[in-house]
Amino acid sequence: MTQDTLTIVDNRTNQTYSLPIENGAVRATDFRPIKTDPRDFGLMTYDPAFMNTASCRSSITFIDGDRGILEYRGYPIEVLAEHCTFLEVAYLVLFGELPNETELKSWMQEITHHTMLHENTKKFMEGFRHDAHPMAMLVSTVAALATVYPEARNIHDPSNRLLQIRRLIGKMPSIAAMSYRHSLGFPYVYPDNDLSYAANFMNMLWKMVEPKYAANPVLARALDILFILHADHEQNCSANAMRSVGSSHADPYLATAAAAAALSGPLHGGANEEVLKMLDEIGSRENVPAYVKKVREGHGRLMGFGHRVYKNYDPRAKIIKWTAEQVFEVTGRNPKLDIAMELERIALEDDYFVQHKLYPNVDFYSGIIYQAMGFKPEMFTVLFAIPRTVGWLAQWQEMLLDGEQKIARPRQIYTGHRARQFLPIEKRVPLAVTHP
Ligand code: ACO
């Protein structure tokens with residue numbers, strides 16, 4: 001027996017089993033031969049919410065939650081945020097290497113080439129109510145792109161896949177901007193191919209009657225940095241949705257719509273919108289201690305705090321805090337920053353938050369910057385979805401090319417009735433009586 005094994009004694013049968021350990025993990029299927037008798041299904045592992053289950057091998061993003069480390073393809077997030085553009089990082093996340101000058105130039109052209117939307121897309125958008133949530137419009141419109149590009153279903157052709165990847169990255173800001181302008185009743189603005197990815201997005205959002213909209217370069221760079229920070233984050237809720245839906249070989253527009261739907265929830269990408277609501281509720285620095293006390297006593301959560309993986313300061317939150325200072329030099333200071341900083345200070349000294357290892361996450365400061373830049377809180381998750389599309393697509397492609405992957409299909413522990421006697425309708429007892 002080598003050292004890289006796990007020895008298990010089944011006390012029900014006194015049988016001993018030896019399971020190989022590889023990369024710090026045992027295979028859940030290796031438990032299946034552990035049975036009480038030949039008719040027994042075999043031992044399963046039970047892991048609601050995937051608290052301790054690796055669902056794939058991945059070489060895209062590395063996180064060390066205890067040390068607060070985040071790397072894309074081996075490069076620390078801080079280095080990428082300082083030296084790269086978002087499209088450069090998108091190339092890295094998708095293809096594994098940073099592009100050289102020629103590669104980057106043609107990649108930027110390819111993405112720019114795909115920013116236009118089919119005119120029919122405008123019609124989908126026009127069908128939404130004026131007060132529809134932009135995230136719901138984004139999810140629905142991305143799904144509707146499957147009707148515009150039916151060839152996307154051919155997911156086994158690498159060049160076809162690449163075409164859809166370019167289209168999705170190119171069109172995401174265009175859809176996001178349309179959803180924003182729809183909610184304001186403004187006419188849609190077509191992309192401007194002379195502009196950078198972030199500046200073009202700002203142009204589509206905010207151009208009014210001027211012949212050429214000039215995005216403030218500091219704000220455009222800040223947005224680009226925020227996009228870099230949000231590009232991927234390994235097996236989170238939305239990446240898992242992308243892989244799970246993609247594992248049925250659904251087309252990439254539908255799988256991306258599913259991932260975006262997962263992102264929209266307040267426990268995931270919707271948290272930054274909730275942070276702003278929370279800061280509004282707190283109202284002033286003086287009210288912070290009472291609010292923290294309320295949360296400590298079990299009334300609600302501090303939105304923008306805590307993370308399934310980070311049990312230390314989220315490295316993205318540090319970069320965002322720095323970016324906030326640059327943004328505020330242009331826009332003026334968002335008064336919510338003072339409340340947020342006081343909240344962070346008090347929470348990080350509080351026993352409850354220290355013991356639970358609850359630190360600010362990426363969503364804590366991003367909303368404050370977005371608001372200072374002129375975005376409404378409803379747009380915050382949309383701003384997250386644009387760059388995260390890169391990560392979803394990288395995860396999707398990696399899943400499709402992984403020979404070990406099959407359609408995602410978890411097991412369950414059944415807790416319901418069995419073999420019940422059928423009752424004719426006149427004999428059935430109302431649900432309110434059986435389950436009051
Ligand atoms: N405020 C107060 N208490 C919290 C918070 C919080 N923000 N987050 C976790 N806790 C407490 C829980 O009550 C629980 O306490 P208990 O063990 O005494 O019952 C403990 O910490 C563990 O919390 P879980 O919910 O089990 O941790 P999990 O890993 O499942 O949740 C999550 C992670 C969802 C991010 C959680 O921390 C949370 O709800 N945070 C607020 C929402 C948020 O900011 N989400 C954005 C995450 S980043 C992203 O998705 C991009």
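The values are calculated or read from the model by the stated rules, or taken from the named source; none is laboratory data. The structure presented is a predicted model; accordingly, all values stated were derived computationally and were not measured. Cβ placement follows ideal geometry from the backbone for every residue including glycine, while neighbour counts extend to all protein chains displayed. Each accessible area value is taken on the protein alone, full model and side chains, heavy atoms only, with ligands, DNA and RNA left out. Shrake-Rupley method; radii C 1.70, N 1.55, O 1.52, S 1.80 Å.
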- What is the set of long-range amide H partners of residue 15 at a cut-off below 5 Å, with H atoms built 1.01 Å from backbone N? 10
- Note on the structure: Here the net charge surrounding residue 58, from other residues whose Cβ is less than 14 Å away from its Cβ (Lys, Arg +1; Asp, Glu -1), is -3
- Using a Gaussian network for the chain with springs between C-alpha atoms less than 10 Å apart, which of these wobbles most: 269, 416, 68? 416
- Query: Picking from 174, 18, 159, which is most flexible by a Gaussian network model of the chain using Cα springs under 10 Å?
  - Reply: 18
- Query: Sorted by accessible area with a 1.4 angstrom probe, largest first, how do 80, 431 fall?
  - Reply: 431, 80
- Note on the structure: Computed on Cα atoms, the radius of gyration and Dmax of the stretch 360-408 in angstrom are 15.7, 46
- Item | FRET E, pair residue 64, residue 151, Förster distance 45 Å, beta-carbon r, rounded to 0.05 | 0.65
- Item | Residue-wise HN-Hα coupling along the stretch 257-268, computed from phi with Karplus coefficients 6.51, -1.76, 1.60 (Hz; x: Gly, Pro) | 4, 5, 5, 5, 5, 5, 5, 5, x, x, 7, 10
- Would you mind computing Rg(Cα) / (2.2 N^0.38 Å) for the stretch 262-365, counting N as its residues? 1.03
- Note on the structure: For residue 59 the rounded accessible area (nearest 10 Å², probe 1.4 Å, non-protein molecules ignored) is 80
- Item | the stretch 17-149: proportion of alpha-carbon pairs further apart than 20 angstrom, % | 71
- Message: As I understand it, the dipole of the chain uses +1 on the Cβ of Lys and Arg and -1 on the Cβ of Asp and Glu, about the Cα centre. Which of 189, 310, 235 lies farthest toward its positive end?
- Response: 235
- In the stretch 52-121, which GluC sites (Glu not before Pro) fall in coil by DSSP and have 15 or fewer other Cβ atoms within 10 Å? 97
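For the chain, with only Lys/Arg (+1) and Asp/Glu (-1) charged at the beta-carbon, what is the dipole magnitude about the Cα centre, in debye rounded to 20?
Values: 46 positive and 50 negative charges, 312 e Å.
Using Cβ point charges on Lys, Arg, Asp and Glu, the chain gives about 1500 debye.
With runs of 4+ DSSP H residues as the only contributors, calculate the mean residue ellipticity of the chain at 222 nm using -39,500 (n - 2.57) per run, divided by the residue total and rounded to the nearest 500.
Calculated at 222 nm, the ellipticity per residue is -15500 deg cm²/dmol.
Report the semi-axes of the equivalent ellipsoid for the stretch 310-436 in whole Å, largest first, where each axis is √(5λ) for an eigenvalue λ of the Cα gyration tensor.
Whole-Å semi-axes of the equivalent ellipsoid: 46, 25, 18.
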- Query: Can you give the accessible area per residue of the stretch 107-179, in Å², using a 1.4 Å probe?
  - Reply: 43
- Task: On the full set of protein chains, 1.4 Å probe, figure out the accessible area of residue 79 and give it in Å² to the nearest 10.
- Result: 70
- Query: So what is the accessible area of the stretch 238-354 per residue, in Å², with the probe set to 1.4 Å?
  - Reply: 43
- Query: Tell me, what ³J(HN,Hα) does each residue in the stretch 57-68 have, in order and in whole Hz, if you take phi through Karplus 6.51 cos²θ - 1.76 cosθ + 1.60 with θ = phi - 60° and put x for Gly and Pro?
  - Reply: 9, 9, 10, 8, 10, 10, 10, 10, x, 6, 9, x
- Pulled fully out, how much extra length does the chain show between residue 192 and residue 23, if you take 0.36 nm times their separation in residues and subtract their Cα-Cα distance? 56.1 nm
- Amide H proximity to residue 69 below 5 Å, modelled H, separation 5+ or other chain, gives 64
- Given H placed on each backbone N at 1.01 Å, which residues far from residue 21 in sequence or on other chains put an amide H within less than 5 Å of it? 5, 6
- Which whole-angstrom value gives the distance between the alpha carbon centres of the stretch 354-432 and the stretch 125-190? 20
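Tell me, what % of the accessible area of the chain is carbon and sulfur with a 1.4 angstrom probe?
Values: 12290 of 22600 Å².
The computed percentage sits at 54.
Checking a compactness column here: for the chain, what do you get for Rg(Cα) / (2.2 N^0.38 Å), N being the number of residues? Walk me through the numbers before you get to the answer.
Numbers: Rg = 24.4 Å, N = 436, 2.2 N^0.38 = 22.2 Å.
That ratio works out to 1.10.
Evaluated at 20 °C with a viscosity of 1.002 mPa s, what Stokes-Einstein diffusion coefficient in µm²/s does the stretch 160-275 have when Rh comes from the Kirkwood expression over alpha-carbon pairs?
On the way: Rh = 15.9 Å.
Diffusion coefficient, whole number: 135 µm²/s.
Of 171/357; 277/311; 207/311; 212/336; 207/277, which sit over 30 Å apart, Cα to Cα?
Working: 171/357 39 Å; 277/311 24 Å; 207/311 42 Å; 212/336 32 Å; 207/277 28 Å.
Among 171/357; 277/311; 207/311; 212/336; 207/277, the Cα-Cα distance tops 30 Å for 171/357; 207/311; 212/336.
Could you give the length gained on full extension between residue 214 and residue 120, defined as 0.36 nm per residue of separation minus the Cα-Cα distance, in nm? Show your work: numbers first, answer last.
Numbers: separation 94, 0.36 × 94 = 33.84 nm, distance 2.83 nm.
Taking 0.36 nm per residue and subtracting the Cα distance, the gain is 31.0 nm.
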- List, largest first, the extents of the alpha carbons of the stretch 216-325 along their principal axes, each in whole Å. 53, 41, 24
